[in-house]
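Note sheet for the following structure.
The values are calculated or read from the model by the stated rules, or taken from the named source; none is laboratory data. Owing to the predicted nature of the structure, the values given are computational and were not obtained by experimental measurement. Here Cβ is always computed from backbone atoms with ideal geometry, including for glycine, and neighbour counts include all displayed protein chains.
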2 protein chains.
Amino acid sequence: MTEFELIRRYFDRRPSRRADLGIGDDCALLRPASQDPMAGRATPRASADRLRNAGFAVSTDMLVAGRHFFEDVAPDALGHKALAVNLSDLAAMGARPRAFTLALALPAVDEAWLDAFARGMFALADRYDCELIGGDTTRGPLNVCVTVFGDCDVETALRRDRAEPGDDVWVSGPLGLAAYAVRERLAGRRLPDDHPAVLALERPQPRVELGLLLRHWASSAIDISDGLIGDLGHVADRSRVGIDVEWARMPVPEALWDLPAPDVRALVLGGGDDYELAFTSASVNRGAIEALRAQSGLPLARVGTVRSGSGVTILDAKLQVLDDAIRAFDHFA
Amino acid sequence: MTEFELIRRYFDRRPSRRADLGIGDDCALLRPASQDPMAGRATPRASADRLRNAGFAVSTDMLVAGRHFFEDVAPDALGHKALAVNLSDLAAMGARPRAFTLALALPAVDEAWLDAFARGMFALADRYDCELIGGDTTRGPLNVCVTVFGDCDVETALRRDRAEPGDDVWVSGPLGLAAYAVRERLAGRRLPDDHPAVLALERPQPRVELGLLLRHWASSAIDISDGLIGDLGHVADRSRVGIDVEWARMPVPEALWDLPAPDVRALVLGGGDDYELAFTSASVNRGAIEALRAQSGLPLARVGTVRSGSGVTILDAKLQVLDDAIRAFDHFA
């Protein structure tokens, strides 16, 4: 059973009745119930709607030692990453970071470790004015669970299920570095701490500003946590479309240029943990998205097209199907 | 270092700037930012205030195998309890359950286990119309982290920091059963599955309805998770008051009547995991609270008084100080 089959079988009882968006996207979308059924009735309509649409994007991610990070990871890097992967989910919804909770199981109280962990976490939190508002600490095998809250308009938040045939497909930067760092480490080769692949793995930079800018332009968005093929597969499934990715258009990180071609494709298309954004946008917006390159400082790349049909297909330079059988990462595979 | 010292030293950066209430209560209180700075301006004031005060109470609890539950606990009981302890935090704020997220680390995919876990969790969720809206599943040592969202008016939510000298102190029912079940099990004595102590430990009933009723009457509230002494100590600290508890007024569960007196006091005053509510209320409300007994179906008991000063004191039948040196449960003790 894959992770997604497990969720579908035991936990997914869609459609949501209590939220604007439930299971199946980067975040859920939730608005407070008015405490007064009459509230807003006499309010000018446009203004009242904006107030009524104000809600939260909510996401939770659990990081387990030996699974999501190496046991000897620097604690400040772990503090950073535990929050970063959650902020990346907010970015994928175009939500503005507001607050988070932290549940932490620790095998023992190690003051130097805790000090560094908190330092790494708060450095990133402060950059986005995202406040720690609650949590839980307990003894147990090392486990970090962050739940994050981002402000958004629940009607205009970015989602996975609104890509349209004809849309362009974009990624926010080169992919595959984090997966390369993991591969080298598992093969017993230690990259220097400041190698771009190690930085990608241990200090991912959530694309929060880009997500906010994309609210006006993207038809759908997702963060690339399990690998481009798998994550675009979610967009295709939820939007009931197919997606073609042109391999020749994919930005490949310089650190991977000397590897054998099939390895490069496996890392770039199937490697997770990069936390770039993939998004779709009507082709009429192409100029606007290109202008966002300068505004965001990110090397946005147009890498494919949404089509009718289903699934994600990789095309070579002659637009023939490349058949590498690359799969997304699965925790229960 | 205790759990609370750890939080204070590394994670607590109060006062909160981004939430109505941050670290240090059963829940944080959070309102969405309006997506429009002009929103509500032309709104009739009373109505607009109620809309603007609509927010969420948010709490997160992490349950670790061998720490919060015995490894061989029935999975449906674990599913129930993981949500129940979070709903209890909502109850302590007078918030109405709305939705939750679930992060789950599993050593392996065991379909019968997952089926029972989900059944126990959803049975309780459905009772309160509290919907699972997102989560994360991964492989790892068994760990269950639930984050819960309750609707509330952030201005009138119940908190720990508003007890006043002269207020009565109440508990929602007899205490100590769950701690007794743990004690017996650790001593190698197995109570029957339907023993009230086992039910208290494995199927705690969050006092959600009572919390909602108390919004109009209680000056402060807390759920009793770490033991009455410790939890009332939090109310005393946060409200800058002292609390006297009269031992003779404490309801003692029938299952504990035959134990030695010091054991009974240790279990009732220091045992955690019962998830009853403790609350304070102006003595002028005494009749109203007594009327809530019938309405809630709970044996509400008036057990003490808020005074000026600090700390929690236990008094015997002659109102002399009982000195049992009972401490609250501490995960890092």
### Task
Pick out the one residue from B:286, B:293 that is of a type in the set (D, E, K, R) and closer than 27 Å to residue B:321 by Cβ.
B:286
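For region A:94-108, give me each residue that is over 20 Å from residue B:30 (Cα atoms) and buried (at least 20 other Cβ atoms within 10 Å of the Cβ).
Selection gives A:104, A:105, A:106.
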### Task
Collect the residues in region B:48-65 that are modelled with pLDDT under 95 and of a type in the set (Asp, Glu), keeping them in residue-number order.
B:49
### Pair list, Cβ under 7 Å, 6 or more apart: region A:198-211 residue in the same structural domain as residue A:85 (by TED's automatic domain parsing) and in a helix (DSSP H, G or I), other residue among the hydrophobic types (A, V, I, L, M, F, W, C) and surrounded by fewer than 23 Cβ atoms within 10 Å (Cβ to Cβ)
none
### Message
Quick check on region A:291-309: of everything there that is at pLDDT 95 or above and exposed (fewer than 13 other Cβ atoms within 10 Å of the Cβ), which residue is farthest from residue A:217 (Cα to Cα)?
### Response
A:308
#### Entry: Single residue of A:111, A:131 found to be more than 30 Å from residue A:308 (Cα to Cα), surrounded by fewer than 16 Cβ atoms within 10 Å (Cβ to Cβ), within 8 Å of another protein chain (Cβ to nearest Cβ) and not hydroxyl-bearing (Ser, Thr, Tyr)
A:111
## Note on the structure
Counting only residues that are modelled with pLDDT under 90 and facing chain B (nearest Cβ under 7 Å), region A:23-40 contains a total of 7
### Task
State the number of residues belonging to region A:114-127 that are surrounded by fewer than 20 Cβ atoms within 10 Å (Cβ to Cβ) and in contact with a helix residue (DSSP H, G or I) (Cβ under 6 Å, 6 or more places away or on another chain).
2
### Task
Scan region B:146-154 and give yes if some residue there is under 23 Å from residue A:5 (Cβ atoms) and either touching a strand residue (DSSP E or B) at 6+ places or on another chain (Cβ under 9 Å) or modelled with pLDDT of 95 or more (or both), otherwise no.
yes
### Message
With the requirement that a residue be at the interface with another protein chain (Cβ under 7 Å from one of its Cβ atoms), closer than 29 Å to residue A:53 by Cβ and in contact with a strand residue (DSSP E or B) (Cβ under 6 Å, 6 or more places away or on another chain), what does region B:1-22 give you?
### Response
B:18, B:19, B:22
### Message
Among the residues that make up region B:277-300, is at least one of them within 14 Å of chain A (Cβ to nearest Cβ) and touching a residue at least 12 places away in the same chain (Cβ under 8 Å)?
### Response
no
#### Entry: Hey, residue B:298 assigned to a helix (DSSP H, G or I) and under 26 Å from residue B:83 (Cα atoms) or not
no
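Condition check ((1) within 14 Å of another protein chain (Cβ to nearest Cβ); (2) closer than 23 Å to residue A:301 by Cβ; (3) surrounded by fewer than 21 Cβ atoms within 10 Å (Cβ to Cβ); (4) more than 20 Å from the chain's Cα centre (by Cα)) across all residues:
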{"position": "A:145", "(1), (2), (3), (4)": "yes, no, no, no"}
{"position": "A:150", "(1), (2), (3), (4)": "yes, no, no, no"}
{"position": "A:172", "(1), (2), (3), (4)": "no, yes, no, no"}
{"position": "A:176", "(1), (2), (3), (4)": "no, yes, no, no"}
{"position": "A:190", "(1), (2), (3), (4)": "no, no, yes, yes"}
{"position": "A:195", "(1), (2), (3), (4)": "no, yes, yes, yes"}
{"position": "A:201", "(1), (2), (3), (4)": "no, yes, no, no"}
### Query
Could we say that residue B:126 is free of Cβ contacts under 8 Å to residues at least 24 places away in the same chain and either assigned by TED's automatic domain parsing to the domain that holds residue B:69 or among the small types (Gly, Ala, Ser) (or both) here?
yes
### Query
Do we have residue A:268 as of a type in the set (A, V, I, L, M, F, W, C), touching a Gly at 6+ places or on another chain (Cβ under 7 Å) and part of a strand (DSSP E or B) here?
no
### Query
Among the residues of region B:66-83 satisfying the criterion of being at pLDDT below 90 and within 11 Å of another protein chain (Cβ to nearest Cβ), which is surrounded by the most Cβ atoms within 10 Å (Cβ to Cβ)?
B:68
### Task
Check A:59, A:88 and return the single one that is hydroxyl-bearing (Ser, Thr, Tyr) and more than 9 Å from chain B (Cβ to nearest Cβ).
A:88
### Message
Considering only region A:232-251, I want to know if a residue exists there that is under 18 Å from the mean Cα position of the chain (by Cα), modelled with pLDDT of 95 or more and in a strand (DSSP E or B).
### Response
no
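Could you list, in sequence order, all residues of region A:174-218 that are of a type in the set (Gly, Ala, Ser) and more than 25 Å from residue A:150 (Cα to Cα)?
Hits for region A:174-218 are A:176, A:178, A:179, A:181, A:187, A:188, A:197.
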### Task
Only residues that are touching a helix residue (DSSP H, G or I) at 6+ places or on another chain (Cβ under 8 Å) and either of a type outside the set (Phe, Trp, Tyr) or farther than 15 Å from residue A:146 by Cα (or both): list them for region A:89-103, please.
A:90, A:91, A:92, A:93, A:94, A:95, A:96, A:97, A:102
